[in-house]
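**Student:** What follows is a structure written as structure tokens; I'll ask about it next.
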Amino acid sequence: FTVLAIESSADDTCAAVVTSDRKILSNVVIKQLSLHEKYGGIEPMTAIQAHQRNLPFAVSRALKEAGTDIVKDIDGIAFTRGPGMPGCLSVGMNGAKTMAAALNKPIVGVHHMQGHALTPLLTSDEADLPQFPFLTLLVSGGHTLLLLAESNVKFNILINTVDQAVGRVIDKVSTLLQIPWTPLGPGDALEKYCQDVPETALISLGNSIMRGRRDFSFSGLHSQIELYLKDNGGIEALDDAQRRALAFSFQYNAFAQLEDKIKLALQSCEMQSIAINHLVVSGGVASNQYLRQRLSACLKEYSPERDIGLVFPPPKYCTDNAVMIAWASMPRFLAGDSDDYGVGLQPKWSIEDLTPP
Ligand code: ATP
Ligand code: FE
């Protein structure tokens with residue numbers, strides 16, 4: 001079964017072709033970063049207009065690079081139904097539904113975070129595939145979730161954020177510290193900016209980990225950075241080494257909080273006799289190499305004798321892409337299930353409320 005998928009929930013216009021036997025035939029991502037840098041975040045109308053301009057080219061390139069003919073080779077069309085920015089989602093959804101109706105192909109509307117969560121089941125080698133149930137950490141621009149993944153469609157939220165998503169705060173702090181964006185954006189820029197800072201340079205930022213609490217919260221850490229800048233005469237008063245040390249201290253504390261909650265979730269699974277053999281990490285922040293090192297050390301420390309496998313998709317499949325949307329649609333298509341052409345968006349949609357095939 002071959003799926004053409006479209007993803008347009010935030011600022012990337014994505015199209016991809018993926019087969020049910022795990023082949024990624026194409027993966028087109030058209031970024032809009034330069035359009036949004038001056039706003040310090042995604043500007044909705046600018047994003048909608050860019051999707052409108054870019055979507056036809058993303059789709060035709062995805063088909064061409066895959067060497068597929070839409071009439072002969074594509075068996076189903078998938079798109080992101082939610083969660084995400086309504087105006088952005090509707091550009092992708094309308095494109096997908098109109099193509100499908102004209103060509104008489106089935107459609108499946110996919111949950112964006114289910115796409116992020118299931119990516120490692122496509123990108124890992126078949127021998128290393130995580131087996132259900134596993135723990136999933138989704139860290140992205142709009143979400144910070146620790147989930148128990150029981151099947152392709154059954155996710156239980158163990159720990160959620162009470163305020164902002166970790167990716168959003170990374171973007172804000174990167175802007176606050178005036179770190180110039182790299183082509184991959186403010187998160188990648190912050191990671192590279194502080195990659196050579198040693199732990200001896202850490203600045204104390206107060207208690208932002210909330211040890212033992214079953215919630216994520218990143219607003220406190222965000223405020224600590226603002227307060228530090230205010231108390232030290234603003235960003236202009238800091239030299240390059242001080243700025244880099246502050247950026248590293250922020251990243252260090254944000255990831256320490258992720259580690260603390262992973263340990264809590266593992267303990268809670270143990271208490272319920274749920275055997276967890278894998279921690280799967282996905283979403284844009286999972287492309288951070290320092291996070292990979294930290295979580296690997298964290299799992300070894302938590303369980304020196306029992307190997308809990310750590311699974312990250314390759315960085316280009318951590319941030320938004322349509323490959324993950326195609327892959328998440330596959331179980332429904334294969335079960336002969338699809339959505340009605342009249343299906344609507346679901347801009348707010350819990351990952352606990354997925355439709356089984
Ligand atoms: P959501 O998936 O919650 O709807 P989104 O789709 O906007 O949000 P993603 O594309 O999954 O988010 O991830 C983007 C986020 O990932 C941004 O906040 C960005 O800063 C962060 N990010 C990307 N690369 C890195 C990196 N190397 N280090 C840290 N954060 C990163
Ligand atoms: Fe995303």
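The values are calculated or read from the model by the stated rules, or taken from the named source; none is laboratory data. Because the structure is predicted, anything quoted here is derived from the model rather than measured. Cβ coordinates were reconstructed from backbone atoms using ideal geometry, including for glycine residues, and neighbour counts include every protein chain displayed.
**Student:** Counting just the residues of segment 300-319 that are free of Cβ contacts under 8 Å to residues at least 60 places away in the same chain and either charged (D, E, K, R) or over 30 Å from Gln289 (Cβ atoms) (or both), which one comes out farthest from ligand 1 (Cβ to nearest atom)?
**Tutor:** If we take residues in segment 300-319 being free of Cβ contacts under 8 Å to residues at least 60 places away in the same chain and either charged (D, E, K, R) or over 30 Å from Gln289 (Cβ atoms) (or both), then Glu305 is farthest from ligand 1 (Cβ to nearest atom).
**Student:** Here's a check for you: in segment 7-23, which residue that is part of a strand (DSSP E or B) and more than 16 Å from the chain's Cα centre (by Cα) is farthest from ligand 2 (Cβ to nearest atom)?
**Tutor:** Once the filter is applied, the top-ranked residue is Thr19.
**Student:** Here's something else I'd like to know. Would you tally the residues in segment 24-51 being in a helix (DSSP H, G or I) and among the aliphatic types (A, V, I, L, M)?
**Tutor:** 6
**Student:** How many residues does segment 267-313 contain that are closer than 20 Å to Gln251 by Cα, among the hydroxyl-bearing types (Ser, Thr, Tyr) and more than 16 Å from ligand 2 (Cβ to nearest atom)?
**Tutor:** Adding up the residues that qualify gives 2.
**Student:** Kindly evaluate Leu246 against the criterion of being aliphatic (A, V, I, L, M), more than 15 Å from ligand 1 (Cβ to nearest atom) and buried (at least 21 other Cβ atoms within 10 Å of the Cβ).
**Tutor:** Here the answer is yes, as Leu246 does meet what is asked.
**Student:** Going by the structure shown, is Tyr290 among the aromatic types (Phe, Trp, Tyr) and under 22 Å from the mean Cα position of the chain (by Cα)?
**Tutor:** yes
**Student:** I need a count of the residues in segment 164-192 that are within 16 Å of ligand 2 (Cβ to nearest atom) and not basic (Lys, Arg).
**Tutor:** 12
**Student:** Tell me yes or no: at least one residue of segment 233-248 is in contact (Cβ under 8 Å) with a residue 24 or more places away in the chain and among the basic types (Lys, Arg).
**Tutor:** yes
**Student:** In addition: Tell me which residues, restricted to segment 276-307, are assigned to a loop (DSSP other than H, G, I, E, B) and in contact with a helix residue (DSSP H, G or I) (Cβ under 8 Å, 6 or more places away or on another chain).
**Tutor:** Ile276, Gly283, Asn288, Ser303
Residue-by-condition table, conditions (1) within 22 Å of the chain's Cα centre (by Cα); (2) modelled with pLDDT under 95:
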| residue | (1), (2) |
| --- | --- |
| Glu37 | yes, yes |
| Ala47 | yes, yes |
| Phe57 | no, no |
| Ala66 | no, no |
| Ile74 | no, no |
| Pro86 | yes, no |
| Ser90 | yes, no |
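**Student:** So which of Ala297, Ala322 ends up being in contact (Cβ under 8 Å) with a residue 60 or more places away in the chain and either more than 16 Å from ligand 1 (Cβ to nearest atom) or surrounded by 18 or more Cβ atoms within 10 Å (Cβ to Cβ) (or both)?
**Tutor:** Every option except Ala322 fails the conditions.
**Student:** Identify the residue in segment 13-41 that is within 13 Å of ligand 1 (Cβ to nearest atom) and surrounded by 24 or more Cβ atoms within 10 Å (Cβ to Cβ) and, among all such residues, is nearest to Leu334 (Cα to Cα).
**Tutor:** Applying the filter and picking the extreme gives Cys14.
**Student:** Shifting gears a bit: Evaluate segment 273-284: report whether one residue or more is within 24 Å of Gln195 (Cα to Cα), out of contact with any strand residue (DSSP E or B) (no Cβ under 9 Å at 6 or more places or on another chain) and not β-branched (Val, Ile, Thr).
**Tutor:** Within segment 273-284, none of the residues are within 24 Å of Gln195 (Cα to Cα), out of contact with any strand residue (DSSP E or B) (no Cβ under 9 Å at 6 or more places or on another chain) and not β-branched (Val, Ile, Thr).
**Student:** Another question, if that's okay. The conditions are (1) of a type in the set (Ser, Thr, Tyr); (2) outside any helix (DSSP H, G or I); (3) under 24 Å from Ser124 (Cβ atoms), and Tyr341 fails exactly one of them. Which is it?
**Tutor:** It is condition (3) that Tyr341 fails.
**Student:** Take the residues of segment 67-104 that are more than 15 Å from ligand 1 (Cβ to nearest atom) and part of a strand (DSSP E or B): which is farthest from Ala50 (Cα to Cα)?
**Tutor:** The residue in question is Gly76.
**Student:** A further question on this structure: In contact with a helix residue (DSSP H, G or I) (Cβ under 7 Å, 6 or more places away or on another chain), in a loop (DSSP other than H, G, I, E, B) and buried (at least 21 other Cβ atoms within 10 Å of the Cβ), is that true of Ile351?
**Tutor:** In short, yes.
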